[in-house]
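First up is the structure itself, then whatever we jot down about it.
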Amino acid sequence: MRNLLILTLLITIALQLVLAEPPVFPGEYSALAYDIEGILSEQHNNAPALIKIYNSWSRLSKRVDYQFMNQPFYTQIHTGNTLYEIHAENRTCIVTELGFPPLPPNWLQTATYTGIQKVNGILCETWVRDSSTFWRNAEDKSPVKVNESNFFVWNYIPGSFVAGSQPNNLFTIPSYCKKALKMKSQKIKG
């Protein structure tokens, strides 16, 4: 009986150690998500959005395609320290110098594990880092939801998270965006 108790205790401790390991994202992946809450959704008249995410840490690039209900499609490409908001339907681009690259795969390295919660009907490990909360499926470790400072709140569509190389053309900045950046730089310098 004593050996069974010790074995149970060791298994419990081992399980807690496994749960305490912060999530690390693959260097390259794609996923589908939706957004129905948060400041980004509010900025679009509380319209729900379907989101396609492509990430390539080797390129220091992240692409997010947004389709808010009854609104034009647009893309954001965060490459290096620059964010390009691309509106292909009218060939316009908003360029913002952020001063930092996309989040690295280990962005949750300093996150605190806060326990198990049920999110979107799934039992999830919950991690908190600064003003961000991340939930991952307790069983298969796939992302379920991320709340980034209540600015964007992405709910990942189950089964859509796929690790693997992303095509180069996904991160190509259109020529009209490069011109916008050049004009912005001239205005800043001028």
Quiz prompt | Accessible area of segment 56-100 divided out per residue, in Å², using a probe of 1.4 angstrom | solution = 52
Quiz item: How much net charge surrounds Leu170 when only the other residues with a Cβ under 12 Å from the Cβ of Leu170 are counted, with Lys and Arg +1 and Asp and Glu -1?
Solution: +2
Exercise. Determine the order of Trp127, Trp135 by accessible area, beginning with the largest, at a probe radius of 1.4 Å.
Key: Trp135, Trp127
Exercise. For Ser160, list long-range residues whose amide hydrogen, built 1.01 Å from N in the peptide plane, is under 5 Å from its own amide hydrogen.
Key: Leu32
Quiz item: If you stretched the chain out fully between Asn168 and Leu50, how much longer would it get, using 0.36 nm times the residue separation minus the C-alpha to C-alpha distance?
Solution: 40.2 nm
Quiz item: For Arg129 and Gln71 in the same chain, what is the full-extension length gain: residue separation times 0.36 nm, less their Cα-Cα distance, in nm?
Solution: 17.6 nm
Quiz item: Say R0 is 22 Å: what FRET efficiency, to the nearest 0.05, do Tyr176 and Glu97 get from their beta-carbon distance?
Solution: 0.80
Quiz item: Taking the alpha-carbon centroid of each part, what is the distance from segment 45-106 to segment 115-151 in angstrom?
Solution: 22
Quiz item: Counting other Cβ atoms within 10 Å, which GluC sites (Glu not before Pro) in segment 59-165 have at most 10 and lie in a DSSP loop?
Solution: Glu139
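The values are calculated or read from the model by the stated rules, or taken from the named source; none is laboratory data. Model, not experiment: these values are computed from the prediction. Positions of Cβ are generated from backbone atoms using ideal geometry, with glycine treated the same way; all protein chains shown enter the neighbour counts. We work out accessible area using only protein heavy atoms, side chains counted, and drop any ligands, DNA or RNA first. Shrake-Rupley method; radii C 1.70, N 1.55, O 1.52, S 1.80 Å.
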